[in-house]
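Shown next, in structure tokens, is the structure this report addresses.
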Amino acid sequence: MAKDNIVLAYYGELPDELAGSLEHHLMTCDECRVELEMLQAMEPNLASLPMVEPSPNFLTQSRMRLDDALDLMPPRGVLTRLRTNFFVWMGHLRSAPALATLLIGVGFIGGNFVNRYQIAHAPKPIADKFYKNDTQAVIANVTGIDRTPDSELVQVHYNKIVPETIEGSLDSPEVRELLLKGASATTDDVRSLSVSMLANECKHGHQCAARDDGKGVRNALLVALRYDKDAGVRLKALEGLQPYIAQDHKVRDAVLDSLANDPDAKVRMTTVSLLEPVQHDSSVRQVLRHASTDDENPYIRTVSYQALQGSDSIQ
């Protein structure tokens, strides 16, 4: 029991009523003191290791196994409960004089009252809301099958995928992360709406900074502009990237690539108008020159030629 309590105390989970008896036990037991010192020596090694987030499937499977193990645990016997209560009582007798107990009780009641008062009168922030519908859960995979010998009884272990909903501001990191995932969804409506919202955030300069790790709103719009099969989604991505054409070479290169290779004429027309602030750039002039002579759409050839004339007058 002392060794179990040492682990709980190390992680701050040991109830206060057991702490006193454990301290007295450690004063007389060398073996348990060595156990505690081993736990404390392990902390710097663990702190140097990277923290890896578990996958959702692993968490789901672990929770199911924990529930099964808790169901199979036998109830604690009467003798075990009596022994635990005896050590708790002894700890109170040794480490909690009457006056100290009274002062702790008064302090706890006063602190609890002040804490409740502060919570009741504190302004309540607008929190994200999560909605979950268990009735719509679908089976993700089967993890195991157990059959009782000489019977028809079978136990099938499986994991479920439960759809959830979050409600919050566009500035919420959780909502923004889900919109980034929605920008690459297989459903056209979801992908179009996600890209539209992200583009609107970029137009207003909300957390649309360039990042080197390939993540973030601006990179998601670049991916949509280059690779999305829906021309409407590509147009929405262009709207969000427009403020960054002059300052971000990656954005400018992606827009030039759209003018040269996008199969949709409306997307190519839009790129010509967006390139107006950087028409003097040599790479932009080269692509405009190619479009003015080789684009299959006569209107695009005309506006590209006019853009070239305008850039010549600028120079």
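The values are calculated or read from the model by the stated rules, or taken from the named source; none is laboratory data. As the structure is a computational prediction, the values presented were derived from the model and not from experiment. Glycine gets a Cβ as well: all are built from the backbone with ideal geometry, and neighbour counts include every protein chain shown. We work out accessible area using only protein heavy atoms, side chains counted, and drop any ligands, DNA or RNA first. Shrake-Rupley method; radii C 1.70, N 1.55, O 1.52, S 1.80 Å.
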Residues whose placed amide H lies under 5 Å from that of residue 166, excluding near-sequence neighbours: 131
Overall form of region 246-315 per C-alpha gyration tensor (a/c, 1.5; a/b vs b/c): oblate
Simple Cβ-charge dipole of region 128-278, Lys/Arg +1 and Asp/Glu -1, about Cα centre, in debye nearest 20: 440 debye
Protein-only accessible surface order, largest first, of 293, 270, 302, 186 at 1.4 Å: 186, 293, 302, 270
Cα centroid separation, region 1-34 to region 182-235 (Å): 55 Å
Accessible area in the full protein assembly, largest first, 1.4 Å probe, for 258, 282: 282, 258
Dipole magnitude of region 246-294 about its Cα centre (Cβ charges: Lys, Arg +1; Asp, Glu -1), debye to nearest 20: 80 debye
